[in-house]
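Everything on this sheet refers to the single structure shown next.
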Amino acid sequence: MTNHSCWNAETAEVGGCERCPALIESRSRIVNGVGPRDAALLFVGEAPGAREDERGEPFVGRSGDVLDEALRAAGLHREDVRITNCVRCRPPENRDPTAAERSNCAGYLDREIAAVDPALVIALGKVPAERLLDRDVPVTGEAGQIDRVRIGGTDRPVLVSVHPAATLYDPSRRDRFEDALVTAADYAGESGQSTFGQF
Ligand code: URA
């Protein structure tokens, strides 16, 4: 179970969590979500990498560059969306977070989703997709699909997307990634919850 005394409801941030021994060793800091507390779109990645750990902000390395470009191509701005991760501390050698680490951090993500109450949650890659949909997700096959799932007792739409890093290894996935972000932009626009200045 997550230690909710580490959750600050006012800032929607985690502080001082020590639930994952390996991550306490590997992290320089806890990397919390960034972006408006009332964002229409909430992007969820896997876990911070080296740059994110250094800067204390999600998606500021190479994956972040890909995400920023695709956001712009979809007519969105990074400042208008919320970006967070399933796991808030950098795993050693950038390994995948373990099942225990994902589970330790799960309550924080649920609380952040409840606090932001977005029109759409976007799962960037397999780890967040499987965590949020609570089933096996073949991401390449399901990219662009929106499932409604219960998160923290509320029914929410979750869009499956390939992870931005996957487009660096396999550029043929770039179109799928950009298409998913166009779907997200459309969804937010139609929800009437849009916070985008240009619409
Ligand atoms: N990859 C992720 O999943 N999250 C980040 O914050 C950076 C890279």
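If the requirement is being closer than 23 Å to residue 175 by Cα and in contact with a Gly (Cβ under 6 Å, 6 or more places away or on another chain), which of these qualifies: 83, 146? Lay out the reasoning, then the answer.
Details: 146 fails: in contact with a Gly (Cβ under 6 Å, 6 or more places away or on another chain).
Of the residues listed, the single one that is closer than 23 Å to residue 175 by Cα and in contact with a Gly (Cβ under 6 Å, 6 or more places away or on another chain) is 83.
Let me spell it out: the conditions are (1) more than 25 Å from residue 66 (Cα to Cα); (2) buried (at least 17 other Cβ atoms within 10 Å of the Cβ), and residue 5 meets all of them except one. Which number is the exception?
Status for residue 5: all satisfied but (2).
So how many residues does segment 57-73 have that are under 16 Å from residue 163 (Cα atoms) and either away from the ligand (no atom under 13 Å from the Cβ) or among the polar types (S, T, N, Q) (or both)? Write out each step before concluding.
We begin by selecting, within segment 57-73, every residue under 16 Å from residue 163 (Cα atoms); these are 58-71.
From what is left, the residues that are either away from the ligand (no atom under 13 Å from the Cβ) or among the polar types (S, T, N, Q) (or both) are 63, 69-71.
Residues that pass the stated criteria total 4.
Just give me the residues in segment 133-148 being touching a residue at least 12 places away in the same chain (Cβ under 8 Å), part of a loop (DSSP other than H, G, I, E, B) and among the charged types (D, E, K, R), in sequence order. Explain how you work it out, then say what you get.
First, pick out the residues of segment 133-148 that are touching a residue at least 12 places away in the same chain (Cβ under 8 Å): 133-134, 137, 139-140, 142-147.
Keeping just the survivors that are part of a loop (DSSP other than H, G, I, E, B) gives 134, 137, 143-145.
Selection gives 134 alone.
Restricting attention to segment 42-56, report how many residues are near the ligand (Cβ under 8 Å from one of its atoms) and not in a helix (DSSP H, G or I).
Total satisfying the criteria: 5.
We did not get these values from a lab; they are worked out from the coordinates using the rules stated. These numbers come from a predicted model, not from an experiment. Here Cβ is always computed from backbone atoms with ideal geometry, including for glycine, and neighbour counts include all displayed protein chains.
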